[in-house]
Amino acid sequence: MTLPTDTAVSPLSVEEAIRSRRSIRAFLPTPVEDETVARILELAARAPSGSNIQPWRVRVLRGAPLAALTAELHALSLSGDRGAEEYAYYPRKWREPYLARRRKVGWDLYGALGIGKTDTGRMRQQHARNFLFFDAPVGLIFTIDRDMEAGSWLDYGMFLQNIMIAARGFGLHTCPQAAFMLYSTVIAERLAIPDTEMVICGMALGHADPAAPENNFETVREPLESFAHFIDTLA
């Protein structure tokens, strides 16, 4: 599969933006203007939230601060420091069909990169690239107040999705990355994030490298009939 060509000239339809969104794991060094990032975030903030409380906060990293933080986190990851979870992202016990889906996307990614199932060293190196924002010129760190409940996390997901779709409208790509919460203590210290806020995730933002093999495999999605049920009568 060929990565969709980025364009800032011909606007994408909503359907095109959604269908062309994918998690990009290799970016070009092409800079992204602060004005563009600001416009994307302003659009994303139109996401709905219960009672309009808008629970999202974003730190935008580029240039020297981005390079310094990513170098530190990347080194931590390669050192074997696994960090600590701020929250449970995945189920504590995997079961089907989720386990099979997780394994497939992992092996599809490693297969595209030519990483064998026993090559743990290259797997570790690839995972550590998360903390470089996959070389994107813009890294976003998202936080939420610790006293917010599950409803606000649902709202936050819509905000994050809006960012990813809006980015496509500007000819850009993204990669949402929960991995950053593993080093939330370091991130909070370096970015002066108060203890009242929790790191939810990071997100890489920039121009996709179309030549990178990790950007040219397609994740498999379940058919509509497997998850949607049109109710004609009540039980």
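The values are calculated or read from the model by the stated rules, or taken from the named source; none is laboratory data. Model, not experiment: these values are computed from the prediction. As a convention, Cβ positions derive from the backbone with ideal geometry for all residues, glycine included, and neighbour counts pool all protein chains shown. All accessible areas refer to the heavy atoms of the entire protein, side chains included, with ligands and DNA or RNA removed. Shrake-Rupley method; radii C 1.70, N 1.55, O 1.52, S 1.80 Å.
Overview of values
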| item | result |
| --- | --- |
| Accessible heavy-atom area order of THR30, THR120, THR233, highest first, probe of 1.4 Å | THR233, THR120, THR30 |
| With every protein chain in place, the chain: carbon and sulfur % of accessible area (1.4 Å) | 55 |
| In region 135-235, trypsin sites (Lys or Arg not before Pro) in a DSSP loop with at most 10 other beta-carbon atoms within 10 Å | ARG221 |
| Accessible area per residue, Å², region 118-235 with all protein chains present, probe 1.4 Å | 49 |
| Area of HIS127 that stays accessible when all protein chains are in place (1.4 Å probe, Å², to 10) | 80 |
| Cα gyration tensor, region 75-123 - rounded (a/c under 1.5), prolate or oblate | oblate |
| Share of Cα-Cα pairs in the chain lying beyond 33 Å, as whole percent | 18 |
| log10 of Debye I(q)/I(0), alpha-carbon scatterers only, for region 1-102 at 0.18 Å⁻¹ | -1.43 |
| Amide hydrogen neighbours beyond the local backbone of CYS201, cut-off 5 Å, H modeled | PHE142 |
| Inverse of mean 1/r across different Cα pairs in region 44-138, Kirkwood, Å | 16.6 |
| For region 139-235, the Rg and Dmax computed from alpha carbons only, in angstrom | 17.8, 56 |
